[in-house]
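K.L.:
After the structure tokens below, expect a handful of questions from me.
Read-outs: derived from the displayed coordinates by stated rules, not from any lab. Just so it is clear, the model here is predicted, and its values are computed rather than measured. Note: ideal-geometry Cβ built from the backbone for every residue, glycine included; neighbour counts use all protein chains shown.
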Ligand code: BGC
């Protein structure tokens, strides 16, 4: 049995549990610590360390992050402190915990978990997992293999990022009833269906707990849509699966400047210097030409 600690960094809570990666079962009760105000790197790192200590864990640790994670470096921060952008967060967590840490985007982790132990089990071909919560996260999986960092919540739709229009937070902010939200979700899914033709859509995140409210309303002509099966545990389980996949592999080198500069900054910085979020930058609406 391989036991790996999975940690899920979310907007309101940071949760962890040891996972048996052969079965996807949690081997102890989840431990949750509220996300520190502003979710700054140094504060979140302290909580991650506390979770590792709580479980007295010494082996590999898988950690999710709600933004782009490329080779251990966090590259976007849509719903967390801007100080994460360009940070070698993998190194930060590794140094703080002394463990072999592996970092993955939160939706990618949920995708791996759903594909292996949840609603995607036994489904061949292209599975798209979407997590509807504060934002919208996406995971694209083909025959069990993940294409990381698809960031489809930032697809430009109706003059906005899709997540600011169709996420669970948008449902609450815009005071939508389930029928109204479902219409938005279907518009978004239809667009994704046109672009990717997945064999299955799995709907996860906060919204998956309320599946009885939208299940009959969110349907598509071509693709099957099902609620996620692992609910709150998908991030923790997927993080552990990812750490298991990566544990034997050599980590690709990071540019020296990223590593040194940002680890140091995150330990000392009080107020984050604003850096451009590449997601927002890349998907910004083109400026209107003045006549
Ligand atoms: C982020 C994604 C993340 C999703 C869900 C989005 O705003 O850009 O990386 O997966 O929120 O947390």
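K.L.:
Which one, 163, 193, 221, has the greatest fluctuation when you compute a Gaussian network model over the chain with C-alpha springs under 10 angstrom?
P.N.:
Comparing 163, 193, 221 in the GNM, the peak value goes to 221.
K.L.:
So for region 119-229, considering every pair of alpha-carbon atoms, how many percent are separated by more than 19 Å? Present the calculation step by step, with values, prior to reporting the outcome.
P.N.:
Values: 2278 of 6105 pairs.
Tail fraction, whole percent: 37.
K.L.:
Using 0.36 nm per residue of separation minus the Cα-Cα distance, give me the extension gain between residue 251 and residue 1 in nm, one decimal. It would help to have the intermediate numbers written out before the result.
P.N.:
Details: separation 250, 0.36 × 250 = 90.00 nm, distance 2.41 nm.
Extending this stretch completely gives an extra 87.6 nm.
K.L.:
Quick one: among 197, 76, 138, which has the greatest mean-square fluctuation in a GNM of the chain with alpha-carbon springs under 10 angstrom?
P.N.:
Maximum among the listed residues: 197.
K.L.:
Note down the nm distance, to one decimal, between modelled labels 7 Å out along Cα→Cβ at residue 121 and at residue 220.
P.N.:
Distance between the two pseudo-spin positions: 2.4 nm.
K.L.:
Then there's this: Test of understanding: what is the full-extension gain from residue 49 to residue 156, defined as 0.36 nm times their sequence separation minus their Cα-Cα distance? List each step's numbers first, then the result.
P.N.:
Values: separation 107, 0.36 × 107 = 38.52 nm, distance 3.69 nm.
Result: 34.8 nm gained on full extension.
K.L.:
Another question, then. Cα centroid distance between region 3-50 and region 194-215, in Å?
P.N.:
If we compute the Cα centre of each part, the gap is 24 Å.
K.L.:
Got a sec? Which residues in region 82-114 would a label at residue 20 touch, if it sits 7 Å along Cα→Cβ and we count backbone N under 20 Å?
P.N.:
Residues 113-114 qualify, since their backbone N sits under 20 Å from the label point.
K.L.:
Can you give the relative contact order of region 119-229 as a percent, counting alpha carbon pairs under 8 Å and 6+ residues apart?
P.N.:
Details: 188 pairs, mean separation 34.1, N = 111.
Here the relative contact order equals 31 percent.
K.L.:
Which whole-number percentage describes the relative contact order of the chain, with Cα contacts under 8 Å and a sequence gap of 6 or more? It would help to have the intermediate numbers written out before the result.
P.N.:
On the way: 615 pairs, mean separation 66.5, N = 291.
Once divided by the residue count of the chain, the mean separation gives 23 percent.
K.L.:
What is the gain in length, in nm to one decimal, between residue 194 and residue 71 on full extension, counting 0.36 nm per residue of separation less the C-alpha to C-alpha distance? Spell out each step's value before the answer.
P.N.:
Details: separation 123, 0.36 × 123 = 44.28 nm, distance 2.99 nm.
Between residue 194 and residue 71, full extension yields 41.3 nm more.
K.L.:
Given Cα pairs under 8 Å that are at least 6 residues apart, what percent is the relative contact order of region 30-156?
P.N.:
On the way: 211 pairs, mean separation 24.6, N = 127.
In percent, rounded to a whole number, it is 19.
K.L.:
At 222 nm, what value in deg cm²/dmol follows for the chain if DSSP H runs of at least 4 each add -39500 (n - 2.57) and the sum is divided by all its residues, to the nearest 500?
P.N.:
Working: 10 runs with 102 residues, N = 291.
Counting only the DSSP helices, I get -10500 deg cm²/dmol.
K.L.:
For the chain, report the translational diffusion coefficient in µm²/s to the nearest whole number, using Stokes-Einstein at 25 °C, 0.890 mPa s, and a Kirkwood Rh over Cα pairs. Mind showing how you got there, number by number?
P.N.:
Values: Rh = 19.2 Å.
Answer, rounded: 127 µm²/s.
K.L.:
Also, quick follow-up: For the chain, set up a Gaussian network in which alpha carbons nearer than 10 Å are linked by springs, and say which option among 49, 210, 116 fluctuates the most.
P.N.:
210
K.L.:
Follow-up. For 95, 8, what's the fewest-to-most ordering of other Cβ within 10 Å of each Cβ? If you can, show how the numbers build up before the last one.
P.N.:
On the way: 95 14, 8 28.
Placing the least packed residue first, the sequence is 95, 8.
K.L.:
Could you please rank 145, 101, placing first whichever residue has the fewest other Cβ atoms within 10 Å of its Cβ? Could you put the intermediate results ahead of the total?
P.N.:
Details: 145 9, 101 26.
Neighbour counts put them in this order, fewest first: 145, 101.
K.L.:
Also, I was wondering about something else. At 7 Å along Cα-to-Cβ for each site, give me the label-to-label distance between residue 37 and residue 174 in nm.
P.N.:
For the pair residue 37/residue 174, the computed spacing is 3.1 nm.
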